[in-house]
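Laboratory data are not the source of any read-out in this text; all were calculated from the coordinates shown. What you see is a predicted model; the values in this text were computed from it and never measured. FYI the Cβ positions are ideal-geometry reconstructions off the backbone, even for glycines, and counts take in every protein chain you see.
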Amino acid sequence: MPPRTRSIFLKIVRQPEGIRAARTVMAAVALQLGGRFARLGRGILRGQGTGFAFAQTLTTQVFVLVLNLATGVLTARLLGPEGRGQLAALSIWPPFVAALVASGLSAALVHQIRSAKSEDRGAVLGAALTVGLLLGGVGAATTFTLMPLVLGERYSDDLVSLAPVAAAVTILCLLILLIRSALTAFGRFSSFNLAAWADPALYCAGLILATLWAPLDATRAVFCLWLATAICFIGVAIYLFSFGQVTLRGATRFFRPLGSFMARAAGGSILGTMVAHMDRLVLLVLLPAEAFGLYVVAFSLSRMLVVVQTAVSAVALPALAGQSPAAASALYQRMFRLVLCLLTVAGIAAWALGGFVLSVLYGKDFSAAQPIFMILVLEAAVACLSQVTAQLYMAMGRPGFTSLAQLVSFVVLCTALLTLVPLLGAPGAALAILLSSSLRLAMLLVALPGALQLPRPTLSPIRAELLGYVRGVARL
């Protein structure tokens, strides 16, 4: 404040009338700000509208990140690098196989529910869950067969003997995946977000109780995880059937459209799942449990940037589906720019604090994971932008090109992994997935004008849009 203005202000407020006026103004400003924050909080809690749904989902994913960080710290501290590697070797199978065998079904479910008449949505859901149960059986058999084959040579018989339990959990993971997709399609983002944090919260609570009961090992830790998954499935299933009006009457009409969309989207989804897990699958075979544990901790911590991707993926496809190409393109471009800004800020913070977090939270035994972490942070940012762009292709009914992009990136990933891991170990795997993700993003962006006849995202309106978001919050 300039000296002259400050002098005049002090003279005014030192008078009795000035003091009362200043207090009145301050009270009015505080009341107004309080009202705005209250309206903002209510909007985020309700999750109504695309903007508030995104804000709520992003807030939830941050909370999930905190829970996952807590469980990661707890297991790393109690199990050490080798035990953490054993836990990862067990826990990777159910979600990986579930996502693999159900490839394309979640996107098909969202697309069909959003496109169907309101009276037909229960039948669409019934058809999707029927297909999901059948695929769950395939997934259970796959887990039961592959898990002993991969773990048999490097891990103890006690760990390999858990394959039947992992097979059953695979079915639960697949059904949870479908139910959460259905919640987003019905616009129940609050329930979707509740299910998102309930699972890690239950897991964290289970770990604490198990630690108080007896010394924690990889077997007890993975049982806590699988028990949390089972409880979460029961909760979301009861909720879905309470409002979703799931029915098999007329469901046969939707098997064909679901299958058609799933067949077109399956290639990209399968390859996306393989790309997301291939690094850990290769390291699981090639590296000892201790080195694998270091990589898993660095990978888990770097996924803090993926909270943005998860929030956008949950909101973007339902919001983009059914829009005209021009409206979908405008919404996609705003999402792309917003996500880019969020990732830039989060990435800088992660690079600045990552080494400190690894050594302080996880312990000195995990400080060697810092170079891996810094590479994986950059890869996470690129993967988020790729996923945002892929949602536009899905919404425009062109999942085939995303499959092609995934195929090319998958081939590059496999080649890079087999080349770099024997030379560099775990850092080689991080470089391999960074190269693969960068190639996928480049392909999706370059092909936008030709494949969808839509422009590529531009960065020039970022400042104006950010100011618009600030003004929008101020008007609440």
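Here are a few things to note about the model shown:
- Short-range pairs are left out: with C-alpha atoms under 8 Å and at least six residues apart, the relative contact order of the range 99-249 is 32 percent.
- Gain in span if fully extended, C414 to L133, counting 0.36 nm per residue against the direct Cα distance: 98.1 nm
- FRET efficiency, S359 to F63 (Cβ-Cβ, R0 25 Å, nearest 0.05): 0.50
- The listed peptides 284-294, 427-437, ordered by packing as a protection proxy, come out as 427-437, 284-294 (highest mean of other Cβ atoms within 10 Å first).
- Distance in nm between pseudo-label sites at S460 and S242 (7 Å out along the Cβ direction from Cα): 5.1 nm
- Rounded FRET efficiency, nearest 0.05, which uses the C-beta distance separating A442 from R77 and R0 of 25 Å: 0.05
- Overall form of the range 138-203 per C-alpha gyration tensor (a/c, 1.5; a/b vs b/c): prolate
- Relative contact order %, the range 49-474, counting alpha carbon pairs below 8 Å whose residues are six or more apart: 23 percent
- Among S118, S191, the order by Cβ neighbours within 10 angstrom, fewest to most, reads S118, S191.
- Rounded, prolate or oblate (a/c below 1.5 giving rounded, otherwise prolate when a/b exceeds b/c) for the range 335-430 by Cα gyration tensor: oblate
- Fully extending the segment from S156 to S260 would add 33.1 nm, taking 0.36 nm per residue of separation and subtracting the current Cα-Cα distance.
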